[in-house]
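The values are calculated or read from the model by the stated rules, or taken from the named source; none is laboratory data. This structure is a prediction, so every number in the text was calculated from the model and none was measured. Using ideal geometry, Cβ is built from the backbone for each residue, glycine included, and neighbour counts are taken over all protein chains shown. Surface accessibility is based on the protein's heavy atoms, side chains included, excluding ligands, DNA and RNA. Shrake-Rupley method; radii C 1.70, N 1.55, O 1.52, S 1.80 Å.
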Amino acid sequence: GEGGAARAAPGYALQLSTMAHQGVSAASIVSSNAGYSGTPLWKLKQQGALANISKVVDEFEEQKQAALEEENSEALKVSVDAVSLGRVDGMGEKPLVRHIIVKDLRKVAARSKVQLPAGGLFENRAPCMLFALFDGQSCAEAPGPLSAEWCAKQVISKLLRNLSALPPGYENATFVKATLTKTFEDLDKEILRGQPAIHDGCGGAVAMMVGDRLFTAVCGKCDVVLCEAGGPPQRLRYVPISMGANQGRCHLESEQKFLTENGGVVFKAEGGATLVSSPSGAVSAVSRSLGDRAWKGPDGGVPGATKLLRASPETRVTELSWAERHQFLLLVSAPVAGAVNPEECITVGTEFLGKPRAISGEIAAKAAESPSTANAQCTAVVVHFVPKDDKPAGAPPAKKARKEAESLRLRHILVKHRDCGSPFDPVKNRPVTRSREEAEAILRQALRELAAEAKTIKLPGDISKAKMAALQPTPKYCSLCKELSECSTAQKGGGMMGDLGWLSQDQLSKFGPSFAEVAKGLGVGQWSDVAGSEHGVHILQRIALRDGRSSGNAVPATCLLARASDPAGLP
């Protein structure tokens with residue numbers, strides 16, 4: 001470029017410094033480019049040597065960053081699921097709620113060719129995750145799907161752009177929170193100015209993790225709730241932290257002040273709800289939203305409109321105690337936040353701790369059953385913080401290839417539903433007509449009963465005997481499997497009841513990604529979250545023990561007693 005050697009030299013010096021830091025000596029650089037020592041930089045460029053050195057540096061840098069990303073992703077893991085109930089997605093209707101799950105925001109940024117900050121909170125390529133929910137029911141007037149749909153499609157690109165604009169030295173909590181606020185304001189402005197066909201509004205709830213920092217932004221009546229544990233281990237209690245509690249609702253003093261100062265009239269309606277009336281006589285139940293152009297004054301393009309609603313979110317930053325003090329995070333739509341309070345959400349979450357599908361399903365079902373949510377879309381997103389590995393610092397990484405080659409032995413309970421691949425019960429020889437929601441509710445109740453039984457079981461004092469006993473099918477499991485499971489394996493006797501046999505990684509993958517992911521994450525003896533496959537929905541228990549031989553083979557607990565050998569398959 002312009003400036004020739006005068007401009008290129010500092011960059012070249014930096015490359016050499018980088019290589020030295022990575023263990024590449026100056027001697028090795030010279031020897032790999034023999035004859036170039038003392039040659040002017042313009043000559044090196046002309047001869048192509050500089051490009052070769054840059055390529056070596058880039059390769060080293062790529063390897064270093066890839067290793068760093070892998071190490072970070074192993075350290076901070078989440079399991080995520082979402083359930084949406086109460087509004088039929090058919091007959092041309094669009095959903096009122098949209099949610100987004102991005103477990104690796106860095107990959108999305110790379111594919112979008114956006115450079116995230118490299119310093120401060122983002123140093124050492126800290127893991128970045130994004131979870132968001134936009135709710136077309138958290139709006140000024142009639143619920144609609146358009147603002148929520150548009151925001152869900154645009155939020156990632158706008159957030160990445162705002163993060164990439166952070167200058168060096170400003171990659172701290174204050175400015176990252178500011179990027180979230182700006183992202184919400186950008187979404188609102190573009191709806192009002194660039195999307196004339198969108199007249200409805202929506203609320204938004206965003207949770208972004210940068211390393212162990214949680215950044216939240218909430219606008220409207222949807223919410224983000226963090227589960228925090230407190231007290232001594234013997235009296236541990238879980239409390240909810242609502243991240244959007246100080247905005248969006250007309251009864252809040254700070255919101256009333258803004259509304260009345262700008263010409264609104266705040267009043268209590270029949271039933272006790274606090275609403276705001278505009279000078280034109282329109283009425284809103286929310287004090288903040290995205291879109292809703294008739295409530296945004298001149299920016300909305302509606303003649304005579306008064307600006308009463310704001311789009312600025314409540315933002316917070318929390319330093320997470322990963323899977324220790326902080327267990328999980330919830331994002332809920334407005335009907336859920338109105339029907340199931342944060343304390344109830346946390347009670348459900350701790351009942352199914354570590355099982356995001358069961359938690360989100362139970363919370364959404366509770367909200368959908370409330371009389372206040374008729375024809376509403378009840379959506380809950382659950383982000384579970386997976387406990388960090390206990391391996392000491394500097395320990396070599398696990399051999400993934402060998403781990404992936406392992407087979408698993410599982411027992412399960414299968415409940416079919418009308419939308420599965422074969423809605424027919426081979427055990428009772430009858431067609432299945434229940435919905436998936438009903439099937440999952442059956443399995444959540446089964447998990448409750450298994451957990452209650454586990455609290456009453458006394459294991460032998462000997463560790464090896466205790467491990468063996470823990471893997472045997474319990475009386476409660478046997479009765480539940482016989483009563484509920486719609487798989488032919490439920491007809492087996494004794495310790496083989498519900499046994500799927502040995503499943504290789506290829507066989508697991510044939511059940512679908514949800515089933516395989518849940519199965520691979522199980523510890524021996526552990527009951528799984530609700531897992532879906534083309535056969536229906538399952539709960540799984542891994543039943544295998546290491547035999548201690550150098551071959552690394554595993555032996556099923558049932559085989560250690562009965563030596564049954566034939567793996568069972570699904571019908």
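Looking at segment 237-341, the accessible area is 42 square angstrom per residue; that uses a 1.4 Å probe and ignores ligands, DNA and RNA.
Per-peptide packing, taken as the mean over residues of other Cβ atoms within 10 Å, places 457-463, 258-264 in the sequence 258-264, 457-463 from highest down. Taking the charge dipole of segment 95-138 about its Cα centre, with +1 at Lys and Arg Cβ atoms and -1 at Asp and Glu Cβ atoms, the residue from PRO117, ALA132, LEU96 reaching farthest to the positive side is PRO117. Computed from the alpha carbon atoms alone, the convex hull of segment 142-184 holds 63 Å³ per residue. A Cβ-based charge dipole, computed about the Cα centre of segment 104-244 with Lys and Arg at +1 and Asp and Glu at -1, lands at about 440 debye.
Grab the Cα-Cα distance for LEU252 and GLN234, subtract it from 0.36 nm times how many residues apart they are, and report the gain in nm with one decimal. Answer, rounded to one decimal: 2.7 nm.
Accessible area ranking (1.4 Å probe, heavy atoms, ligands and nucleic acids excluded), largest first, for HIS326, HIS199: HIS199, HIS326. Compute the distance from the alpha-carbon center of segment 416-472 to that of segment 277-306, in whole Å. Between the Cα centres of segment 416-472 and segment 277-306 lies a distance of 51 Å.
Under a model in which nothing but the beta-carbon of Lys, Arg (+1) and Asp, Glu (-1) is charged, segment 197-319 shows a dipole of about 80 debye around its Cα centre.
Can you work out the FRET efficiency for the pair SER112 and ASN172, with r the C-beta to C-beta distance and R0 = 22 Å, to the nearest 0.05?
Values: r = 24 Å, r/R0 = 1.08.
Efficiency at R0 = 22 Å is approximately 0.40.
Legend: residue pairs LYS355/LYS520; LYS77/LYS113; LYS103/LYS153; LYS103/LYS221, Cα-Cα distance threshold 19 Å; pairs beyond threshold, LYS77/LYS113; LYS103/LYS221.
Annotation: segment 104-203 has a Kirkwood hydrodynamic radius of 14.6 angstrom, from the mean reciprocal C-alpha pair distance.
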